[in-house]
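Have a look at the structure below, then the notes.
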Amino acid sequence: MQNDFQIHIHKNLPFLKEGKFIIAISGGIDSVVLAHLCKRLNLNFSLAHCNFNLRAAESNKDEDFVLELAEELDVEIFIQNFDTEAYAKAHKRSIQMAARELRYDWFKELAEQLKFDYILTAHHADDNLETFLINFTRGTGLNGLTGIPMINDNVVRPLLPFSRAQIEAFVNQESILWREDASNASRKYLRNKLRHEVVPILKEINPQLLDSFQNTISNLNDTVGLIEDNLNNFAESAIVSNDAYGITYKISEFKKLNNPKAYLFELFKDYGFTEWNDIVDLLDTQSGKLVKSNSHRLIKHREFLILTDLGDLERNEESLLINDAVEDIETLIGKLSFDTVEGLFEVSKNTIFVDKDLLKFPLEFRLWKEGDVFQPSGMTGKKKLSKYLKDEKQSLVEKENTWLLTSDNKVVWVVGKRADERFKVTNNTKNRLKVEIQ
């Protein structure tokens, strides 16, 4: 295995020979073998161990073991203790998910602070097969069936081509010590059920199961490449805009397709949506309908679908008060500036001119709300802002991002859209104020 590992690094991961990295070391057989193999190739690495404090004295014995291993290999080691159960409860996670989040967050923080180039984990071919089966049993798309990536950002998994049997044979041949985690034998977790009950049957049916699986994964990844190319081409024709309001897609492009649901799934699967039939129905439903996930919304607006981040709705909606001395102020939609000017210049949607003597300070910059009315420039009567936005065919997202500049609770400017007639500059105006949003 040592020779095969060396060839694998040279052929597929040559950057590890020049880089500096940490190995996630649990004390179990896989990570211990990875550490020994990297040491024998004289690679530049340190060890990083997480003590999750889940197995009482056994967790501390794992920590003691990896400390001794680091001394044996003559490499630096970093150890972090976690209260995993408290984290899982606070963040409403399973223990396994909590441990994963804590582990990877710490590894990435460690790599960033100490300038490590890569993080190495000891996932191998059997882990890859188990992950495939987990995703398959839970239901997934094509990406869920393409296995664990060997390289994902700065996380690298050098043992992916090697089987658990090869790792065990190497340990026995080299008399390498390692720690057994008793929880690996438990049938409580789905991964262990598959490992101990399902995979052995599959290997009995096909003794070359891992080789066949590797070929399947390779073919599926090739197919994913074709799909991504096709999706990118489709997105170029379907996306109208990508701005502060979200990503806007032309519905007509989806309706040209033989299977729009497949494209909708591939485009929006990473945004937490699960109700795919409801998303398909958006193509033909009335304007204003939407589908939500935990993190995003997909909104039907006339002939468009608009994807928005729900996090944008949690922004600070407190108003800003602006006194007479303010020249400019930063807002959530840009810098709002005020300049006293002598003449008149061109008015645009981002620039208006008002009679300063008609203003009552402090002015207020705030989001619009139901009940707001104003007198649109050029008109004699007042109009509800809700009616104005509807007449302007503003989408839900645009309405939610409509800001007002007010004076004594009277609208001076629907910012970026329309000024109010009551504050306009006339021939009798003595103090002209230029207001601009940039």
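Among L142, A56, V341, pick out the residue whose Cα is farthest towards the positive end of the charge dipole of the chain, where Lys and Arg carry +1 and Asp and Glu carry -1 on C-beta, about the Cα centre.
In the chain, that residue is V341.
Could you work out [θ]222 nm for the chain from helices alone, using -39500 (n - 2.57) per DSSP H run of at least four and dividing by all its residues? Round to the nearest 500 deg cm²/dmol. Present the calculation step by step, with values, prior to reporting the outcome.
Values: 15 runs with 166 residues, N = 438.
That comes out to -11500 deg cm²/dmol.
Could you look at the chain and say what percent of its accessible area is carbon and sulfur, using a 1.4 Å probe and all protein chains? Don't skip to the end; give the middle numbers.
Details: 11180 of 24110 Å².
For the chain, the apolar C and S fraction of the accessible surface comes to 46 percent.
Let's test this: bin the Cα-Cα distances of region 16-91 at 5 Å from zero up to the farthest pair and state each bin's percent.
So the P(r) values, bin by bin, are 3, 15, 26, 22, 14, 10, 6, 3, 0.
Can you give the accessible area per residue of region 1-46, in Å², using a 1.4 Å probe? Can you show the working numbers first?
On the way: 1950 Å² over 46 residues.
Roughly 42 Å² per residue, with all protein chains present.
What distance in nm separates the two pseudo spin-label positions at F345 and E364, each 7 Å out from Cα along the beta-carbon direction?
3.0 nm
Compute the length gained on full extension between N409 and R138: take 0.36 nm times their separation in residues and subtract their Cα-Cα distance, giving the result in nm to one decimal.
Numbers: separation 271, 0.36 × 271 = 97.56 nm, distance 5.45 nm.
Here the answer is 92.1 nm.
Please give the Cα centre distance for region 392-418 versus region 363-391, rounded to the nearest Å.
7 Å
For K11 and I95, calculate 0.36 nm times their separation in residues minus their Cα-Cα distance, and state this gained length in nm to one decimal. Show your work: numbers first, answer last.
Numbers: separation 84, 0.36 × 84 = 30.24 nm, distance 3.75 nm.
Between K11 and I95, full extension yields an extra 26.5 nm.
Once amide H atoms are placed 1.01 Å from N in the peptide plane, what residues at a sequence separation of 5 or more from F78, or on another chain, have their amide H within under 5 Å of its amide H?
Here the answer is L47, A48, H49, since their amide H atoms fall under 5 Å of that of F78.
Using the Karplus curve 6.51 cos²θ - 1.76 cosθ + 1.60 with θ = phi - 60°, work out ³J(HN,Hα) for each residue of region 224-232 in order, rounded to whole Hz, and write x for Gly and Pro.
In residue order, the calculated couplings are 4, x, 5, 5, 4, 4, 5, 5, 4 Hz.
Taking a probe of 1.4 Å, how large is the accessible area per residue of region 178-287, in Å²? Please report the intermediate quantities before stating the final value.
On the way: 6900 Å² over 110 residues.
The answer is 63 Å² per residue.
Check which residues have an amide H placed less than 5 Å from V156's amide H, if you skip close sequence neighbours.
Amide H neighbours of V156, under 5 Å, 5+ apart: I119, L120, T121.
Among Y245, Y263, Y189, which one shows the biggest mean-square fluctuation in a GNM of the chain, springs joining Cα atoms closer than 10 Å?
Y189
With the crude spin-label approximation of a point 7 Å out along Cα→Cβ, what separation in nm comes out for L283 versus N259?
1.3 nm
Give the percent of DSSP beta bridges with both residues in the chain that are antiparallel, rounded to the nearest 5. Before the final figure, lay out each step's value.
On the way: 53 of 68 bridges.
Beta bridges within the chain, antiparallel portion: roughly 80 percent.
About the Cα centre of the chain, how large is the charge dipole given +1 on each Lys and Arg Cβ and -1 on each Asp and Glu Cβ? Please answer in debye to the nearest 20. Don't skip to the end; give the middle numbers.
Working: 56 positive and 68 negative charges, 379 e Å.
That gives a dipole near 1820 debye.
Let a ≥ b ≥ c be the square roots of the eigenvalues of the Cα gyration tensor of region 313-425; is it rounded (a/c under 1.5), or, if not, prolate (a/b larger than b/c) or oblate?
Taking the square roots of the gyration eigenvalues as a ≥ b ≥ c, region 313-425 is oblate.
Between S386 and L110, what length comes free when the chain is fully extended (0.36 nm per residue of separation minus the Cα-Cα distance, one decimal in nm)? Provide the component values of the computation, followed by the final result.
Numbers: separation 276, 0.36 × 276 = 99.36 nm, distance 5.11 nm.
Between S386 and L110, full extension yields an extra 94.2 nm.
For the chain, I need the span (max minus min coordinate) of the C-alpha atoms along each principal axis, in Å, sorted largest to smallest.
So the extents along the principal axes, rounded to whole Å, are 97, 52, 40.
Note down the accessible area of K393, probe 1.4 Å, to the nearest 10 Å².
Surface open to solvent at K393 totals about 110 Å².
Could you run the Karplus curve 6.51 cos²θ - 1.76 cosθ + 1.60 with θ = phi - 60° over region 234-246 and give me ³J(HN,Hα) per residue in whole Hz, x for Gly and Pro?
5, 4, 4, 8, 8, 7, 8, 7, 9, 9, 5, 7, x
What distance in nm lies between label points placed 7 Å from Cα along the C-beta direction at E330 and N81?
Here the answer is 4.1 nm between the modelled labels.
Mind ranking S386, S46 by accessible surface for me, highest first, 1.4 Å probe?
Working: S386 40, S46 10 Å².
Per-residue accessible area, sorted high to low, gives S386, S46.
Who wins for biggest fluctuation among H301, H91, H196 in a Gaussian network model of the chain, springs between alpha carbons below 10 Å?
Sorting by GNM fluctuation, first place goes to H91.
Using the Cα centre of region 187-294 as origin and beta-carbon charges of +1 (Lys, Arg) and -1 (Asp, Glu), tell me which of Q208, I239, S218 is placed farthest towards the positive end of the dipole.
The one lying farthest along the dipole's positive direction is Q208.
Pick from L290, L159, L332: which is most flexible by mean-square fluctuation in a GNM of the chain where alpha carbon atoms under 10 Å apart are linked?
Comparing L290, L159, L332 in the GNM, the peak value goes to L332.
When you take every Cα atom in region 73-180, what is the radius of gyration, and what is Dmax, the widest Cα pair distance, in Å?
16.4, 45
How would you classify region 210-267 from its alpha-carbon gyration tensor, with a ≥ b ≥ c the square roots of the eigenvalues: rounded for a/c under 1.5, else prolate if a/b is greater than b/c, otherwise oblate? Intermediate results must be reported in sequence, preceding the final value.
Numbers: a/c = 3.40, a/b = 2.32, b/c = 1.46.
Here region 210-267 falls in the prolate category.
Using the Karplus equation 6.51 cos²θ - 1.76 cosθ + 1.60 (θ = phi - 60°), what ³J(HN,Hα) coupling, rounded to whole Hz, does each residue of region 22-33 give in order, writing x for Gly and Pro?
Taking θ as phi minus 60°, the curve returns 10, 9, 6, 10, 9, x, x, 4, 5, 5, 5, 4 Hz for region 22-33.
The values are calculated or read from the model by the stated rules, or taken from the named source; none is laboratory data. Worth saying up front: this structure is predicted, and the values here are computed from it rather than measured. For neighbour counting, all protein chains shown are included, and Cβ atoms are generated from backbone atoms with ideal geometry for every residue, glycine included. These area figures cover heavy atoms from the full protein model, side chains too; ligands, DNA and RNA do not enter into them. Shrake-Rupley method; radii C 1.70, N 1.55, O 1.52, S 1.80 Å.
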